[in-house]
Amino acid sequence: MWALGMAAGCVATVPSRDASYRDQSALIASQVDVSAQDMDGTWHVRQQVTGAWPRGAGTVQISADGGALILSEVATACNADNLCEPATFVTRYEPTLHGRFRKVMLGDARSGLNAPDALWVLWMDYDRRTFVAGDPSGSYAAIFDHQPTGGADRIVAARDILDWFGYDISRLEERRR
């Protein structure tokens with residue numbers, strides 16, 4: 001289904017950027033048949049570029065709010081005295097095009113602190129169990145699944161999509177549980 005996004009004109013190239021995990025000359029596309037409702041639920045980070053988003057506990061909660069996404073993740077927050085504790089960060093994403101969402105800052109200073117500016121669904125399987133997120137700048141790449149284990153065929157397919165869109169898949173690592 002993601003090939004339809006390319007046919008529908010959702011393919012983009014992005015100018016070069018320094019901190020990128022993808023070849024900027026590669027084409028990239030979002031999947032056109034993904035809505036906020038398709039993303040609703042708890043998602044386990046199965047693989048990701050180490051050190052890039054998401055930096056939290058290994059799961060994210062996504063709630064649909066009309067066409068927008070509300071993404072909640074638990075990550076470590078530290079104060080000026082370097083005292084750290086887990087905190088929940090909430091980020092709102094408004095849709096821009098099919099399968100593409102843009103971060104909208106909320107009033108809370110901690111909202112969106114760790115979240116990327118753009119969340120593109122690069123691929124989601126037919127049964128809505130696994131999806132791949134990234135952004136055109138290549139600042140992150142992550143594979144999410146509703147289950148913490150299993151679905152090896154979908155994880156392989158997700159890695160293939162990232163490779164095809166120019167991501168350096170040698171930088172992907174399994175998320176430790």
Nearest-20 debye value, segment 29-144 charge dipole, Cβ charges on Lys, Arg, Asp, Glu: 160 debye
Output ordering of 121-133, 93-105 (per-residue mean of other Cβ within 10 Å, highest first) is 121-133, 93-105
Label-point separation in nm, HIS146 to ASP23, each point 7 Å along Cα→Cβ: 3.5 nm
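Read the figures in this text as sums done on the coordinates, not as results from a lab. These numbers come from a predicted model, not from an experiment. So basically every Cβ, Gly included, is an ideal-geometry build from the backbone, and we count neighbours across all protein chains shown.
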